[in-house]
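> Okay, here's the structure, questions in a sec.
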Amino acid sequence: MLKYARIYLHLFGSDNKNELIINKEQMIIRHSMPDGGNAVHHYEFAEKSELGCLFLNKMKDCLEADGWNDKQDFNEPAFTKYLYKLEAEYEDGKIVKHHGIFDQTHIPEKPFKDFIDSIKLAINDYNFGDIVGLAGFTSALKPGNH
């Protein structure tokens, strides 16, 4: 079992940065905003939730798959490339690191997509609460509206 996984992604030659951190208790997704700030999504999993373990197991499957290529072989213009750094720690203390070009020829395609798809399914179930959703805000009729 993994203790945590951290993926740092940035566009080559740019300040555009992204980060994903997952452990059993939480997931943090951070990405650069055009104004120079950051948007941070912090998900805390309930004590009985299995989501953190699910994500970590998917990443473990990915780390143990064939197809990692940490070489940075630029065959296309550098400005089209995202570069990544990945670090994960197993519960026994073993640390695994990968880095390089963020694409399917450098990272095992299917296991990595399975990992990301599991995260996307989970975060699509979350929302940003009643304030942003305007819960109840439009329920009252203004005078003259029927």
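The values are calculated or read from the model by the stated rules, or taken from the named source; none is laboratory data. Note that the coordinates shown come from a computational prediction; the quantities given were computed from them, not determined experimentally. Neighbour counts run over all protein chains shown; Cβ positions are idealised from the backbone, glycine included. Just the protein is used for accessible areas: all its heavy atoms, side chains included, with ligands, DNA and RNA removed. Shrake-Rupley method; radii C 1.70, N 1.55, O 1.52, S 1.80 Å.
> Size of the dipole of the chain about the Cα centre, Lys and Arg at +1 and Asp and Glu at -1 on the beta carbon, nothing else charged, in debye to 20? Provide the component values of the computation, followed by the final result.
Numbers: 17 positive and 23 negative charges, 51 e Å.
Dipole size: approximately 240 debye.
> Below 27 Å Cα-Cα, how many Lys pairs turn up in the range 87-146? Only count pairs eight or more apart in sequence, or on different chains, if you could.
6
> Another question, then. Grab the Cα-Cα distance for Asp103 and Asn16, subtract it from 0.36 nm times how many residues apart they are, and report the gain in nm with one decimal.
29.6 nm
> Classify the range 1-64: rounded, prolate or oblate, from the alpha-carbon gyration tensor (a ≥ b ≥ c, eigenvalue square roots; a/c under 1.5 rounded; otherwise prolate if a/b is larger than b/c)?
oblate
> Can you give me the C-alpha center-to-center distance between the range 1-58 and the range 115-146, rounded to a whole angstrom?
Value for the Cα centre distance between the two parts: 23 Å.
> Oh, and also: With θ set to phi - 60°, apply the Karplus curve 6.51 cos²θ - 1.76 cosθ + 1.60 along the range 104-121 and write out the HN-Hα couplings as whole Hz, x wherever there is a Gly or Pro.
Listing the rounded values in order: 6, 8, 10, 10, x, 4, 5, x, 5, 5, 4, 4, 5, 4, 5, 5, 4, 4 Hz.
> For Lys120 and Trp68, what is the calculated FRET efficiency with R₀ set at 30 Å and r taken between the beta-carbons, to the nearest 0.05?
0.85
> If I compute solvent accessible area with a 1.4 Å probe over the protein chains, what percent of it on the chain is carbon and sulfur?
For the chain, the apolar C and S fraction of the accessible surface comes to 53 percent.
> May I pose another question? Leaving out ligands and nucleic acids, note down the accessible area per residue over the chain with a 1.4 angstrom probe, in whole Å². Each step should come with its number before you reach the end.
On the way: 9880 Å² over 146 residues.
Counting only protein heavy atoms, the per-residue value for the chain is 68 Å².
> Probe radius 1.4 Å, ligands and nucleic acids left out: which of Ile131, Ile29 has the largest accessible area, and how do the rest follow?
Ile131, Ile29
> Residue separation times 0.36 nm, minus the C-alpha to C-alpha distance between Asn57 and Ala135: what's the value?
24.5 nm
> Per the helix-only calculation at 222 nm, which mean residue ellipticity applies to the chain, given -39500 (n - 2.57) for every DSSP H run of n ≥ 4 and division by its residues, nearest 500 deg cm²/dmol?
-7500 deg cm²/dmol
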